[in-house]
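Take a look at the structure below.
The values are calculated or read from the model by the stated rules, or taken from the named source; none is laboratory data. Just so it is clear, the structure is predicted and the values come from calculations on it, not from any experiment. Because the Cβ atoms are built from the backbone with ideal geometry, glycine has one as well, and the counts that use them run over all protein chains shown. Accessible surface areas use protein heavy atoms only, side chains included; no ligands, DNA or RNA. Shrake-Rupley method; radii C 1.70, N 1.55, O 1.52, S 1.80 Å.
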Amino acid sequence: MLNVLDSQILGIFHGLRTPYLDHFFASVTWLGSLWLLVPLSALGILVVWRLGYAPMLSLHSTYLPAALLLASAAAFTLKAWFERPRPALFETLTAMPVDSAFPSAHSAQAAAFFVALWFLLPPALRVGGGIVLAGVVIAVMMSRLYLQVHWPSDVLVGALLGGACAVLLRVVFLPKVYA
């Protein structure tokens with residue numbers, strides 16, 4: 001049943017292909033890449049420190065990179081465990097990653113990073129910021145489907161995994177910081 005639903009959803013994304021969307025989703029997918037998120041999370045340490053929210057390399061300032069790295073490690077551990085093949089229903093629009101499909105590391109990393117970033121926002125910015133950040137995570141998830149490099153269930157579980165990592169580490173790194 002899941003394989004049928006996964007295949008049908010990938011078929012829908014395949015049917016949406018246009019040159020504009022090809023370019024858009026090939027660009028958006030980078031928002032879930034460690035090549036972008038690791039430097040941004042290191043920059044986050046500096047921003048938290050420079051704004052006076054926490055000392056350099058404190059638990060508070062290292063929360064963002066910790067959430068990202070935990071989600072990435074968890075995703076790659078599960079990939080090695082499950083070894084789910086990547087979809088081969090339609091031509092991909094990017095090089096097919098060599099690791100297995102389940103769960104989507106891009107989705108896990110994006111969710112962990114942007115959920116953690118949301119927790120770091122001042123309470124007054126959380127509603128609007130949450131909408132924007134959720135939109136980014138959803139765009140990364142959709143990019144993995146549009147590019148045909150993941151099954152929908154890979155993407156969903158990856159995002160849930162990343163969000164869970166950010167929430168779990170919030171308890172350790174940001175105890176009672178924000179209401």
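Table for the structure above
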| item | result |
| --- | --- |
| Matching option when the condition is open to solvent by 50 Å² or more (accessible area, probe 1.4 Å), at pLDDT below 95, out of contact with any Asp or Glu (no Cβ under 9 Å at 6 or more places or on another chain) and farther than 23 Å from Ala139 by Cβ, among Leu40, Leu16, Leu34, Leu2 | Leu2 |
| Close pairs from segment 97-125: first on the phi < 0 side of the Ramachandran plot, partner among the small types (Gly, Ala, Ser) and open to solvent by 30 Å² or more (accessible area, probe 1.4 Å), Cβ under 7 Å, at least 6 apart | Pro123/Ala179 |
| Residues within segment 63-89 that are open to solvent by 30 Å² or more (accessible area, probe 1.4 Å) and not in a helix (DSSP H, G or I), tallied | 6 |
| Failed criterion for Val47 (all others in (1) under 30 Å from Asn3 (Cα atoms); (2) more than 17 Å from the chain's Cα centre (by Cα) hold) | (1) |
